Amino acid sequence: MSRKILVIVSEHGYWSEELIGPVSKFDERGYEVVFATPTGKRAHALPPSLDATYVDPPLGRSVTTEENARLGREFEQSNRLDSPLDIEAWVPERPYTSDEGYLRKLEQYHRDLDKIDADIAEYDAILIVGGSGPIADLANNERVHALILAFEKAGKVVAAECYGVACLAFARDWGDRKSIIWGKHVTGHCKEYDYKDGTGFLGTDFNMGPPPYPLEYILRDATGPRGAYHGNFGHPLSVIVDYPFVTGRSTPDSYLTGQKIVEVLEEGLTRYGW
């Protein structure tokens, strides 16, 4: 059976392997992959992710093989990311309560939001690609949250990698405002792997010290007492499946994340890694 995957990529820089890893698994299975970015601009890889000689400071070694660096450069040079869907044009934004005619605008917002359910009916899964970029334009993006909520409500697979997992923590219904990963098991970039300096983004000269938030702490709080965050620090891989969620910790987990998404879709996998 043919599958269709919506892959959301930051316009402020994705980590190359965290895109090519899962996408290569989708390509192997003949899935249709549709890319989307916050405003429809072409996404680009963070330069260090294309450099096999770049030493990751927390690990003290390269995290990119020569093969993955080559594959990343080839993907960058291809046209696959040239015409992504424009999330801003596609998904409505909730009005301010101070807006004139707020009630009518809110009613129209919900009508427009209902159309998203029909739009995603043809998709089987959504994936948020990692890297530092998602910190800037995906994590607290209300429209991205709406897409995640629509996929979750429809019982479809919801996957995210690295800093992209923050999107799942912040995707919340405006009624109870509880994270959709409350009571679930997830992984994501652990504190030991956070940079102390030099967290960078594309499209801006803002190069900060450590990330503006420790993702691990957010995920620990968002999953609640009956869920759990699994950093698996010291383990070479960390991918968690707690249906409908598939989460990958960081760069080395990218191919396995894609493989587990395939297994969830084709084999009915509901639990893995915990």
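The values are calculated or read from the model by the stated rules, or taken from the named source; none is laboratory data. Every value quoted in this text rests on a predicted model; they were computed, and no experiment measured them. Here the Cβ is made from the backbone with ideal geometry for all residues, glycine too, and neighbour counts use every protein chain on show. Areas reflect the complete protein model, heavy atoms only, side chains present, ligands, DNA and RNA absent. Shrake-Rupley method; radii C 1.70, N 1.55, O 1.52, S 1.80 Å.
Some observations on this one:
- Restricting the stretch 140-158 to residues that are in contact with a Phe, Trp or Tyr (Cβ under 7 Å, 6 or more places away or on another chain) and in contact (Cβ under 8 Å) with a residue 60 or more places away in the chain leaves a set whose member that is nearest to His230 (Cα to Cα) is Val158.
- Flag for Asp124 being modelled with pLDDT of 95 or more, surrounded by 11 or more Cβ atoms within 10 Å (Cβ to Cβ) and of a type outside the set (S, T, N, Q): yes
- For Trp174, the criteria (1) among the hydrophobic types (A, V, I, L, M, F, W, C); (2) over 24 Å from Leu269 (Cα atoms); (3) in contact with a His (Cβ under 6 Å, 6 or more places away or on another chain); (4) in contact (Cβ under 8 Å) with a residue 60 or more places away in the chain hold in every case but one, which is (3).
Quick grid of which residues meet (1) farther than 30 Å from Glu66 by Cβ; (2) loosely packed, with under 14 Cβ neighbours inside 10 Å; (3) not polar (S, T, N, Q):
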residue	(1), (2), (3)
Ile180	yes, no, yes
Tyr195	no, no, yes
Arg226	yes, yes, yes
Pro236	no, yes, yes
Val246	no, no, yes
Pro252	no, no, yes
Leu256	no, no, yes
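Matching residues to (1) at pLDDT 95 or above; (2) of a type in the set (Val, Ile, Thr); (3) open to solvent by less than 60 Å² (accessible area, probe 1.4 Å); (4) over 25 Å from Gly248 (Cβ atoms):
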| site | (1), (2), (3), (4) |
| --- | --- |
| Gly101 | yes, no, yes, yes |
| Arg104 | yes, no, no, yes |
| His110 | yes, no, no, yes |
| Lys153 | yes, no, no, no |
| Ala169 | yes, no, yes, no |
| His185 | yes, no, yes, no |
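- Each residue in the stretch 50-68 was checked for being outside any loop (DSSP other than H, G, I, E, B) and either under 30 Å from Glu267 (Cβ atoms) or charged (D, E, K, R) (or both), and 5 pass.
- Members of the stretch 1-36 found to be open to solvent by less than 10 Å² (accessible area, probe 1.4 Å) and assigned to a loop (DSSP other than H, G, I, E, B), listed by number: Val9, Ser10, Gly13
- Every residue from the stretch 197-210 that is surrounded by fewer than 17 Cβ atoms within 10 Å (Cβ to Cβ) and within 17 Å of Ser250 (Cα to Cα): Pro210
- Near pairs, Cβ below 8 angstrom, 6+ apart or cross-chain, from the stretch 224-240 (among the polar types (S, T, N, Q)) to any residue that is at pLDDT 95 or above and part of a strand (DSSP E or B): Ser238/Gly248
- Scanning the stretch 114-143 for residues that are touching a strand residue (DSSP E or B) at 6+ places or on another chain (Cβ under 9 Å) and either in a helix (DSSP H, G or I) or among the β-branched types (Val, Ile, Thr) (or both) turns up Ile120, Glu122, Ile126, Ile128, Val129, Gly133, Pro134, Ile135, Asp137.
- If you go through the stretch 129-152 and keep only what is within 12 Å of the chain's Cα centre (by Cα) and over 16 Å from His12 (Cβ atoms), you end up with His145, Leu147, Ile148.
- Only one entry in Leu50, Leu46 is in contact with a helix residue (DSSP H, G or I) (Cβ under 8 Å, 6 or more places away or on another chain), without any contact (Cβ under 8 Å) to a residue 60 or more places away in the chain and surrounded by 20 or more Cβ atoms within 10 Å (Cβ to Cβ), namely Leu50.
- Some residue of the stretch 75-96 being more than 21 Å from Val157 (Cβ to Cβ), out of contact with any strand residue (DSSP E or B) (no Cβ under 9 Å at 6 or more places or on another chain), surrounded by 13 or more Cβ atoms within 10 Å (Cβ to Cβ) and at pLDDT below 95: no
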